[in-house]
Amino acid sequence: MADHPRWVAPVTLSLSLSGLAVASYLTFVHYTEPRALSCPDSGVVNCLKVTTSDQSMIGPVPVATVGVLFFLAMSLLSLPRAWRTRSRWVRRLRLTGAVAGVVTALYLVGVELITIRAICAWCTAAHLLAFGLLVACLCAETDDRLLTT
């Protein structure tokens with residue numbers, strides 16, 4: 001197993017914790033007052049329209065809560081100790097989680113654009129953080145030393 005670049009552990013942990021903060025904020029606002037979102041609520045960027053749509057729920061669970069669980073799991077998998085382990089399962093789980101996060105984000109962007117016809121700036125931030133996690137995890141898995149400089 002090749003050693004990962006030194007920057008990967010702090011970057012993935014920072015991205016995961018940032019995503020956890022965004023998803024927690026969206027979950028908190030969902031359960032308190034959706035109109036309190038710090039985001040425009042008219043035009044194409046309309047967080048209120050997105051976060052209160054039928055598509056913002058998976059059964060009784062807000063999509064934002066699923067985001068909290070995702071970013072919490074990725075935070076645990078991004079701890080320095082998790083990066084130091086030689087376990088293939090941890091590496092595979094981390095990479096699989098990052099891929100699942102981006103696939104989910106692409107699906108949600110499609111729902112926002114096609115079904116809801118609005119995008120949420122906070123959701124977009126979470127999607128970009130998931131993408132950043134995938135890029136960092138892929139960099140860690142490559143043997144190309146040019147990426148480590």
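Applying the set (1) under 15 Å from ALA125 (Cα atoms); (2) free of Cβ contacts under 8 Å to residues at least 40 places away in the same chain to LEU69 leaves exactly one unmet item: (1).
Taking only segment 96-125 into account, find how many residues are under 13 Å from the mean Cα position of the chain (by Cα) and surrounded by 14 or more Cβ atoms within 10 Å (Cβ to Cβ). The total comes to 14. Can you tell me which residues in segment 89-113 are in contact (Cβ under 8 Å) with a residue 12 or more places away in the chain and of a type in the set (Val, Ile, Thr)? If the condition is that a residue be in contact (Cβ under 8 Å) with a residue 12 or more places away in the chain and of a type in the set (Val, Ile, Thr), then VAL90, VAL99, VAL102, THR104, VAL109, VAL111 are the ones that fit. For ARG81, are the conditions met, namely being under 18 Å from ARG6 (Cα atoms) and over 19 Å from the mean Cα position of the chain (by Cα)? So ARG81 fits the description; yes.
Kindly evaluate ALA64 against the criterion of being modelled with pLDDT of 95 or more and surrounded by 19 or more Cβ atoms within 10 Å (Cβ to Cβ).
Numbers: modelled with pLDDT of 95 or more: yes; surrounded by 19 or more Cβ atoms within 10 Å (Cβ to Cβ): yes.
Considered against the rule, which asks whether it is modelled with pLDDT of 95 or more and surrounded by 19 or more Cβ atoms within 10 Å (Cβ to Cβ), ALA64 comes out as yes.
With respect to SER38, determine if the residue is surrounded by 16 or more Cβ atoms within 10 Å (Cβ to Cβ) and either hydroxyl-bearing (Ser, Thr, Tyr) or in contact with a helix residue (DSSP H, G or I) (Cβ under 8 Å, 6 or more places away or on another chain) (or both). Taking the combined requirement at face value, the residue does not satisfy it.
Within segment 49-60, at least one residue is β-branched (Val, Ile, Thr), under 15 Å from TRP122 (Cβ atoms) and crowded, with 20+ Cβ neighbours inside 10 Å.
From the list ALA82, ALA23, pick out the single residue that is more than 18 Å from HIS127 (Cα to Cα) and either assigned to a helix (DSSP H, G or I) or modelled with pLDDT of 95 or more (or both). So that I can check it myself, show each step before the final result.
Values: ALA23 fails: more than 18 Å from HIS127 (Cα to Cα).
Criteria check complete, one pass: ALA82.
Residue count for segment 30-77 under the criterion of being farther than 26 Å from LEU134 by Cβ and assigned to a helix (DSSP H, G or I): the result is 7. Does GLY132 satisfy the condition of being in contact with a Leu (Cβ under 6 Å, 6 or more places away or on another chain), under 30 Å from VAL29 (Cα atoms) and surrounded by 12 or more Cβ atoms within 10 Å (Cβ to Cβ)? Spelling it out, GLY132 is indeed in contact with a Leu (Cβ under 6 Å, 6 or more places away or on another chain), under 30 Å from VAL29 (Cα atoms) and surrounded by 12 or more Cβ atoms within 10 Å (Cβ to Cβ). Only one of these conditions is not met by LEU79: (1) of a type outside the set (Ser, Thr, Tyr); (2) under 19 Å from LEU17 (Cα atoms); (3) surrounded by fewer than 14 Cβ atoms within 10 Å (Cβ to Cβ). Which number is it? In the conditions (1) of a type outside the set (Ser, Thr, Tyr); (2) under 19 Å from LEU17 (Cα atoms); (3) surrounded by fewer than 14 Cβ atoms within 10 Å (Cβ to Cβ), LEU79 misses (3) alone.
The values are calculated or read from the model by the stated rules, or taken from the named source; none is laboratory data. Keep in mind the model is a prediction, meaning the values are calculated, not measured. Counting neighbours? That spans all protein chains shown, and the Cβs are built from the backbone with ideal geometry, glycine included.
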